[in-house]
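*Asks:* Here it is: the structure, laid out below.
Values in this text are rule-based calculations from the coordinates and carry no lab data. Keep in mind that this is a model prediction, so the values were computed, not measured. All Cβ positions, glycine included, derive from the backbone under ideal geometry; neighbour counts span all protein chains shown.
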């Protein structure tokens, strides 16, 4: 830590304040305060589009010890609004490290609080649930943080989160003779594209608000709906599109995509009090009768009681009983709430993408 490090603090909407110091970049982050339980994976988490608009508290006490590689990034920039870290490593040790985490956070203009009591913050979030917050670094930011937070809370919305991370222009990757998949991008992670490509799929990526004609223009054999940030109820146009596509081609959704599919099929979603984040959530695969350890990053869930009769639950979270997956009883429609592609993370569910592609109608 430099002697000239600016003062910094996290302000929660319930009036709590947690002090520490910042890095080189001074400014204010406004968003939901959440915590991440993974011992590793900070580069993936900070660049995960599903964390857009969130201030991420890392529960593991030392963050940054293996640096930033670039190869682990899930997006071309940091997506988290801010970061809270107990102790940060200025001198990483790993053969893949291209740079240290503090300088990368400064370059990405991510307000960062270091040295705060992350255990107390985690307990506060665990007791209260997800809460609006301001993370301020520097004297000017600190002076106006509480007023900015109060104004932010009055007008807070998640409607701009998916548009902020979805592609603006369609693009394609993967072998030209591969299975033709259209991916509706609500905030796709690079690992999903890489894993589908590794399975010899030709992936045509379209924006979250693509029209039916734009989806069908790629002559898809199936449609994949990606994860992303925010409330699925913010995306009525995407839900309507999926409703029109249901029954015409196979559909598979992950995380936010799973929630959007549930809405399109007549189910409901709701906001979780705490959210599920990190790489250690136990999920029961009901058909296989086995437990998967899975990676999660979501603040909303599908209401299992609302699923219409044609949707069969396939996965259940063993911590709180929330729905983690479903499939249609007669149509090729399925979704999972967790992240099979998580990297780093458990590999238990990696097979799901391959299984889905294998089940598509043969050419």
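*Asks:* Given Cα pairs under 8 Å that are at least 6 residues apart, what percent is the relative contact order of the range 223-277? Intermediate results must be reported in sequence, preceding the final value.
*Replies:* Values: 53 pairs, mean separation 24.2, N = 55.
Averaging sequence separation for qualifying contacts and normalising by length gives 44 percent for the range 223-277.
*Asks:* Residues in the range 1-42 near a label at residue 87, defined as backbone nitrogen under 14 Å from the 7 Å Cα→Cβ point?
*Replies:* Within reach of a label on residue 87, which here means backbone N under 14 Å from a point 7 Å along Cα→Cβ, the range 1-42 contributes 1.
*Asks:* Could you give the length gained on full extension between residue 117 and residue 216, defined as 0.36 nm per residue of separation minus the Cα-Cα distance, in nm? Please list the in-between numbers first.
*Replies:* Numbers: separation 99, 0.36 × 99 = 35.64 nm, distance 5.13 nm.
Extra length from residue 117 to residue 216 when fully extended: 30.5 nm.
*Asks:* Could you work out the relative contact order of the chain, using alpha carbon pairs under 8 angstrom and six or more residues apart, expressed as a whole percent?
*Replies:* Working: 891 pairs, mean separation 52.1, N = 363.
Averaging sequence separation for qualifying contacts and normalising by length gives 14 percent for the chain.
*Asks:* Report the residue, chosen from 65, 319, 280, that carries the largest GNM mean-square fluctuation when the chain is represented by alpha-carbon nodes joined by springs under 10 Å.
*Replies:* Greatest mean-square fluctuation among the candidates belongs to 319.
*Asks:* Using R₀ = 30 Å, calculate the FRET efficiency as 1/(1 + (r/R₀)^6) where r is the Cβ-Cβ separation of residue 331 and residue 159; round to 0.05.
*Replies:* Between residue 331 and residue 159 the formula returns 0.50.
*Asks:* For the chain, modelled as a Gaussian network with Cα springs under 10 Å, which listed residue fluctuates most, 175, 229, 250?
*Replies:* For the chain, modelled as a Gaussian network with Cα springs under 10 Å, the answer is 175.
*Asks:* Determine the percent antiparallel among the DSSP beta bridges restricted to the chain, to the nearest 5.
*Replies:* Working: 45 of 77 bridges.
Expressed as a percentage, antiparallel bridges in the chain total about 60.
*Asks:* Given a 10 angstrom Cα cut-off, can you work out which residue in 87, 54, 337 is the most mobile in a GNM of the chain?
*Replies:* 87
*Asks:* Nearest 500 deg cm²/dmol is fine: what mean residue ellipticity at 222 nm does the chain get from its DSSP H runs of n ≥ 4 alone, each adding -39,500 (n - 2.57), divided by its residue count?
*Replies:* Numbers: 10 runs with 87 residues, N = 363.
Result for the chain, helices only: -6500 deg cm²/dmol.
*Asks:* Further question on the same structure: Which of rounded, prolate, oblate describes the range 179-282, given a ≥ b ≥ c as roots of the alpha-carbon gyration tensor eigenvalues and a/c under 1.5 marking rounded, otherwise prolate only if a/b is larger than b/c?
*Replies:* oblate
*Asks:* Residues of the range 216-237 with backbone nitrogen within less than 20 Å of a virtual label 7 Å along the Cα-to-Cβ line of residue 303, please, listed as ranges.
*Replies:* Under cut-off, by backbone N: 230-237.
*Asks:* At R0 = 22 Å, how high is the FRET efficiency between residue 94 and residue 4 if r is their beta carbon distance? Nearest 0.05 is fine. Don't skip to the answer; put the middle values down first.
*Replies:* Numbers: r = 28 Å, r/R0 = 1.26.
Once rounded, the FRET efficiency stands at 0.20.
*Asks:* May I have the extent of the alpha carbons of the range 1-136 along their three principal axes, as whole Å values ordered from largest to smallest?
*Replies:* Projected onto its principal axes, the Cα set of the range 1-136 covers 42, 34, 23 Å.
*Asks:* Then there is this: Which log10 I(q)/I(0) values does the range 162-359 give at q = 0.12, 0.18 Å⁻¹ under the Debye formula, counting every alpha carbon as one identical point scatterer?
*Replies:* So the normalised log intensities work out to -0.52, -1.28.
*Asks:* Return the equivalent ellipsoid semi-axes of the range 223-290 as a descending list in whole Å, where each equals the square root of 5 times an eigenvalue of the C-alpha gyration tensor. Could the numbers behind the result be given before it?
*Replies:* Numbers: eigenvalues 99, 57, 22 Å².
One finds semi-axes of 22, 17, 10 Å for the range 223-290.
*Asks:* Please state, to two decimals, what the Cα-based radius of gyration of the chain comes to when divided by 2.2 N^0.38 Å (N = residues).
*Replies:* With N residues counted in the chain, Rg over 2.2 N^0.38 Å equals 0.99.
*Asks:* In percent, how large is the relative contact order of the range 235-363, given Cα pairs closer than 8 Å and 6 or more residues apart? Before the final figure, lay out the partial values.
*Replies:* Numbers: 252 pairs, mean separation 33.5, N = 129.
RCO, the range 235-363: 26 percent.
*Asks:* For the pair residue 268/residue 359, report the inter-label distance in nm, with labels modelled 7 Å from Cα in the Cβ direction.
*Replies:* 2.7 nm
*Asks:* Turning to a different aspect of this structure: Take the alpha carbon atoms of the range 234-271, find their center, do the same for the range 17-37, and report the distance between the two centers in whole angstrom.
*Replies:* 34 Å
*Asks:* Using mean Cβ contacts within 10 Å as the protection proxy, how do 23-29, 303-309 order, highest first?
*Replies:* My ranking of the peptides, most packed first, is 23-29, 303-309.
*Asks:* What whole number of Å gives the distance from the Cα centroid of the range 294-363 to the Cα centroid of the range 68-139?
*Replies:* Result: 29 Å between the Cα centres.
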